[in-house]
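Let me begin by presenting the structure, written as structure tokens, before commenting on it.
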């Protein structure tokens, strides 16, 4: 693997503080692979052979059951997935596929577990990342269980507006996938967009205009204990 990719991986909080010798041992068995869009990377139920690091592109984490499928998260550079399965050496609970052309670093799970036992800084970083992932899961569960579909969409749009710093933006995912992510059907999503029109939301294709952010905020009632995934 080239030094440029190693440097990108090294800068991740998960790897930043670990000993150099242990990092080199991890990277010795790692390799980089390019994937086209819509390629399955892992399948839920499979053994975790690798820890994946997304260095370019994006990856959809999703799950299927009884003929139904739902999108759970999107992974952007530079970040890892799925750490819990790698550390526990347990089957994946989610599947993953590329959303666009993506470059992935694959680190053998066996090597990750071996270094985990030897490097205290690496072990602490893993506990920190797993703790953060747990908190995100709790917040997502609260979002789904405590809010109506209209409130979930309103808060999602507010987060996207804050992320871009603009009152108008393009959706970063197709509407069918957005509906799945928010726990809705595509038909319910269309009705939810119409339901937000009185609060200043205008939808044109995938373009969103929020003309009255104060009204939308009053309706959405955003909470840091649900919507801020950085805490």
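Okay, here's what the table says:
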read-out	value
Residue 93 vs. criteria within 21 Å of residue 128 (Cβ to Cβ), surrounded by fewer than 16 Cβ atoms within 10 Å (Cβ to Cβ) and modelled with pLDDT under 95	no
Positions within the stretch 125-149 being part of a helix (DSSP H, G or I), over 17 Å from the mean Cα position of the chain (by Cα), more than 30 Å from residue 10 (Cβ to Cβ) and without any contact (Cβ under 8 Å) to a residue 60 or more places away in the chain, in sequence order	145, 149
Any hit, the stretch 81-96, residues being in a strand (DSSP E or B), assigned by TED's automatic domain parsing to the domain that holds residue 34 and free of Cβ contacts under 8 Å to residues at least 40 places away in the same chain	yes
Residue within the stretch 186-196 that is outside the structural domain of residue 98 (by TED's automatic domain parsing), modelled with pLDDT under 95 and under 20 Å from the mean Cα position of the chain (by Cα) present	no
Filter result for the condition that a residue is without any contact (Cβ under 8 Å) to a residue 60 or more places away in the chain and in a loop (DSSP other than H, G, I, E, B), over 166, 153	166
Members of the stretch 40-56 that are touching a helix residue (DSSP H, G or I) at 6+ places or on another chain (Cβ under 8 Å) and either without any contact (Cβ under 8 Å) to a residue 24 or more places away in the chain or in a loop (DSSP other than H, G, I, E, B) (or both)	48, 49
Residues of the stretch 24-37 classified as in contact with a strand residue (DSSP E or B) (Cβ under 6 Å, 6 or more places away or on another chain) and within 21 Å of residue 176 (Cβ to Cβ), total	1
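The values are calculated or read from the model by the stated rules, or taken from the named source; none is laboratory data. Source: prediction; values computed, not measured. As a convention, Cβ positions derive from the backbone with ideal geometry for all residues, glycine included, and neighbour counts pool all protein chains shown.
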